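Taking it in order: structure first as structure tokens, then the write-up.
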Amino acid sequence: MKILIFGSTFLTANVVNFLLKYSNHDLIGYVPNRKSTVPGKINLMQVKNISSISYDIKLSIQFDRKIKHTGNAFNVHTGLLPDWGGCDILHHTLTEGVKEQGVTFHKMTCDYDYGPIISKITYPVFDDDKVVDLYEKIINITPGFVMTSLALLDNIGLENVNDKCLSTKPRLFTKGSAKVNEKDYLDVKNKLIEYSRINQVKE
């Protein structure tokens, strides 16, 4: 399968590197974010003109813009849909005091985080977790999860997703409803940058 990646965060890079190493999919390039809190190094060709290349699906991983043409687009959402759609999911997870969160692989539609769900994976949330702790858990589980989700997508068939996979309107969280204060935001950003630096050195 020819895959065009959308996104350029550290999480995007981890997924891309994993797929390049362990899958048989052809990752033909990527469209970068306008701005990433923690950018990643994507070892693919940067695509500026999408109409000039051929691909089977678009795969969005923490992309910071809305994808206009969603007919063959899929999203890796860092929350369990349909209950955890929208923005700042990790922050809202902690403020709501839930004990479980996860990642969802779904087909995209013109509405945010709404479309046929292919698969989900969960992780535990502990009382002393901070946003950076949840992000580290996501970094650990997402690369393998995406690869198995793509295998499941192959098994289902692109042409069957709309008819066979459940699509439920999500509850959407917004940035404005519970903003992280500036100090907490900078603390999280610095920890994620350090985490990124250490792990990229390991690679």
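The values are calculated or read from the model by the stated rules, or taken from the named source; none is laboratory data. What you are looking at is a predicted structure, and each value in this text was computed from that prediction instead of being measured. Reconstructed Cβ throughout: ideal geometry from the backbone, glycine too, with neighbour counts over all protein chains shown. Keep in mind that these areas ignore ligands, DNA and RNA; they rest on the heavy atoms of the full protein, side chains included. Shrake-Rupley method; radii C 1.70, N 1.55, O 1.52, S 1.80 Å.
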If you scan segment 146-162, which residues turn out to be in contact with a Ser or Thr (Cβ under 9 Å, 6 or more places away or on another chain) and either open to solvent by 10 Å² or more (accessible area, probe 1.4 Å) or of a type in the set (Ser, Thr, Tyr) (or both)? Met147, Thr148, Ser149, Ala151, Leu152
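Take Tyr55 and tell me if it is closer than 27 Å to Pro116 by Cβ, in contact (Cβ under 8 Å) with a residue 24 or more places away in the chain and touching a helix residue (DSSP H, G or I) at 6+ places or on another chain (Cβ under 8 Å).
So Tyr55 does not fit the description; no.
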Hey, among the residues in segment 176-190 that are of a type outside the set (A, V, I, L, M), surrounded by 12 or more Cβ atoms within 10 Å (Cβ to Cβ) and under 21 Å from Gly85 (Cβ atoms), which one's modelled with the highest pLDDT? Lys179
Look through segment 45-80, keep the residues that are in a loop (DSSP other than H, G, I, E, B) and within 20 Å of Asn140 (Cβ to Cβ), and return whichever of them is least open to solvent (accessible area, probe 1.4 Å). Gly79
For segment 31-44, does any single residue satisfy the condition of being more than 13 Å from the chain's Cα centre (by Cα), modelled with pLDDT of 95 or more, assigned to a loop (DSSP other than H, G, I, E, B) and buried (at least 16 other Cβ atoms within 10 Å of the Cβ)? yes
Within segment 127-143, does at least one residue satisfy the condition of being modelled with pLDDT of 90 or more, of a type in the set (Val, Ile, Thr), assigned to a helix (DSSP H, G or I) and farther than 19 Å from Gly86 by Cβ? yes
Inside segment 89-115, can you point out the residues that are within 17 Å of the chain's Cα centre (by Cα) and hydroxyl-bearing (Ser, Thr, Tyr)? Thr93, Thr104, Thr109, Tyr112, Tyr114
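One line per residue, one yes/no per condition, for (1) at pLDDT below 95; (2) of a type in the set (A, V, I, L, M); (3) under 27 Å from Asn155 (Cβ atoms):
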{"position": "Lys2", "(1), (2), (3)": "no, no, yes"}
{"position": "Phe6", "(1), (2), (3)": "no, no, yes"}
{"position": "Leu27", "(1), (2), (3)": "no, yes, yes"}
{"position": "Cys87", "(1), (2), (3)": "yes, no, no"}
Just give me the residues in segment 1-30 being touching a Leu at 6+ places or on another chain (Cβ under 9 Å), in a strand (DSSP E or B) and surrounded by fewer than 19 Cβ atoms within 10 Å (Cβ to Cβ), in sequence order. Lys2, Ile28, Gly29
